[in-house]
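**Q** Quick one: this structure, given as structure tokens, is what I'll be asking you about.
The values are calculated or read from the model by the stated rules, or taken from the named source; none is laboratory data. Being a predicted model, the structure only gives us computed values, none of them experimental. Note that each Cβ is placed from the backbone with ideal geometry, even for glycine, and that neighbours are counted across all protein chains shown. With ligands, DNA and RNA removed, areas are computed over all heavy atoms of the protein, side chains included. Shrake-Rupley method; radii C 1.70, N 1.55, O 1.52, S 1.80 Å.
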Amino acid sequence: TINEQARLNGDVTLNLATKDFTVDGVLEEFDIADTYPIVKSSVNLGSLTGYVGAKVHAEGNIADLGAMRLSGNITAHNIAASDKSGSDLLGIGSLNAAIREVDLQKGGYLFEEISIEGYSANFILHKDGTSNFDQILYNSTEVSLETTTASLGNNMYDVRERVTVTTESEEAPLRNITLIIDKLSLNGGSLHFADYGMTTPFEYNLRDIVIESRAFDLNGNNN
């Protein structure tokens, strides 16, 4: 049992000589709010709540976890994320994802099906051209230190240091990912959109949004 209610069961096989392993596990009712203290250093959210479950088969090697391959099923319900001001960003009533294979090393994500019921999004454009989603992920930072020393005479020195912090964002983070979904079904969606950058600000709401696709391919043309 993890924390108050999540149940984890499974079997692990490990070859001590080669370090190869297999895992067959079942996770039930894991409260993702418990992960917020961990993820808040990389995501700029006010809150993250909901429950997830999984039935997963994994194969890999302890020496290279990035080459692990996964298959199985993931479920979630009552997912909600808000920004620092407490405003809603995203919500999911229920989700079911049947995984054919996930290959972390090759960046391949193959799904037999992804279905979502009751999803919502709140998208706001500000006057400065930014949106309420722009600051969710922190940019990676690069820190450099420059030290200069000049002699002032009589064994006295002027030592100065300058710290430079550079942030970088990847222009196309999905370009090396293969994402294929045999059956994609999104039902009962709602969208609130507001644009405060217009001369006359406006907002509108959509509801009962249904999106369906077969053989969805992130790198292809889709209907």
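**Q** Given contacts defined as C-alpha pairs under 8 Å and at least six residues apart, what's the relative contact order of segment 1-149, whole-number percent? The partial results should precede the final answer.
**A** On the way: 316 pairs, mean separation 24.7, N = 149.
Answer for segment 1-149 is 17 percent.
**Q** Same structure again: Heavy atoms of the protein only, probe of 1.4 Å, neighbouring chains included. What is the accessible area of ARG214 in Å², nearest 10?
**A** Result for ARG214: roughly 130 Å² accessible.
**Q** Summing +1 for each Lys or Arg and -1 for each Asp or Glu, what net charge is found among the other residues whose Cβ lies under 12 Å from the Cβ of PHE30?
**A** Around PHE30, the surrounding residues sum to -4.
**Q** In segment 21-136, what percent of the accessible surface is made up of carbon and sulfur (1.4 Å probe, ligands and nucleic acids excluded)? Kindly include the intermediate steps, with their values, before the conclusion.
**A** Details: 3540 of 6100 Å².
The computed percentage sits at 58.
**Q** Give the calculated FRET efficiency between LEU65 and GLU212 to the nearest 0.05, with a Förster radius of 45 Å applied to their Cβ-Cβ distance. Don't skip to the end; give the middle numbers.
**A** On the way: r = 35 Å, r/R0 = 0.78.
Efficiency for this residue pair is about 0.80.
**Q** Count charges around SER190 for me, please; just the other residues with Cβ under 15 Å from its Cβ, Lys/Arg as +1, Asp/Glu as -1.
**A** Details: positive: ARG207; negative: ASP88, GLU117, GLU203, ASP208.
Here the count lands on -3.
**Q** How many nm is it between the label spots at SER47 and LEU8, if each spot is 7 Å from the Cα in line with the beta carbon?
**A** 2.6 nm
**Q** Do any of LYS127/LYS183; LYS40/LYS127; LYS19/LYS55 go past 32 Å between their Cα atoms, and which?
**A** The answer is LYS127/LYS183.
**Q** Work through the residues other than HIS126 whose Cβ is under 13 Å from its Cβ and net out their charges, Lys, Arg +1 and Asp, Glu -1. Walk me through the numbers on the way to the answer.
**A** Values: positive: LYS127; negative: ASP83, ASP128, ASP134, ASP195, GLU203.
That works out to -4.
**Q** Then there's this: For ASN44, which sequence-distant residues (separation of 5 or more, or a different chain) have an amide H within less than 5 Å of its own amide H, given hydrogens modelled in the peptide plane?
**A** LEU137, TYR138
**Q** Next question. If I model a spin label at THR199 and PHE21 as a point 7 Å from the Cα along the Cα→Cβ vector, what separation in nanometres do I get?
**A** 6.3 nm
**Q** Taking 7 Å along the Cα-to-C-beta vector as the label spot, tell me the SER87-THR178 distance in nanometres, rounded to one decimal.
**A** Taking the two extended label points, one gets 4.0 nm.
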